[in-house]
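Data first, discussion second: the structure below is written as structure tokens.
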Amino acid sequence: MVAFIPHLNCTQESANLIRHIDENVRLTEMQADAARRAANLKYLKKANRAKRCAHMKSNGQSCGSPAVRGQPYCHFHAQARGATAELPVIEDQRSLQLALTKLASQVAAKKIDAEQARILLRILESAGRNFPNSGNEALARKFPGI
Ligand SMILES: [Zn+2]
């Protein structure tokens, strides 16, 4: 900040004054930059103390990213793990029905998105066509007319 502008007697004095003003402007900008960097360093130190993601990579190393507050994983791995639908092995009509029920509850709980649910539903429908309706057929043979 320039407090006052003295009476200048020659162009050299004027050039010196302009140079000093420019230096003051640069100094003020550098002070602001230093303050911003100091604040960032404080945030980095705080981030480094944060709990780390519990995900272990296939090479045995841990993820290393900060975990989301209150969760064991970082944002990426929390989403990646949440995106995995939990479905049973499809081996008969009952497990298919269980898978459909679990799929519905995961959609309702917003654990998986609608597009993933549509794909899984098509897979489950395909799996259902691949094995005979053995449970119902055996029941129908035992109790005809049901
Ligand atoms: Zn992670």
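We did not get these values from a lab; they are worked out from the coordinates using the rules stated. What you see is a predicted model; the values in this text were computed from it and never measured. Here the Cβ positions follow ideal geometry from the backbone for every residue, glycine too, while neighbour counts run over all protein chains shown.
For a straight C-alpha distance cut-off of 13 angstrom, the aspartates and glutamates reachable from Lys102 (same-chain residues fewer than eight places away being disregarded) are Glu86.
Each peptide in 99-105, 64-70 was scored by the mean count of other Cβ atoms within 10 Å over its residues; highest first, the order is 99-105, 64-70. Placing a pseudo-label 7 Å from each Cα along the Cα-to-Cβ vector at Phe76 and Leu121 gives an inter-label distance of 3.2 nm. Across region 1-70, the volume of the C-alpha convex hull divided among the residues equals 117 Å³ per residue. The calculated FRET efficiency for Gln61 paired with Asp113, based on their beta-carbon distance and R0 = 35 Å, is about 0.75. Here the residues Ser58, Ser14, ranked from fewest to most Cβ neighbours within 10 Å of their Cβ, fall in the order Ser58, Ser14. For region 10-49, dividing the convex hull volume of the Cα atoms by the residue count gives 28 Å³ per residue.
Across region 40-87, Cα-Cα pairs more than 15 Å apart make up 51 percent of the total.
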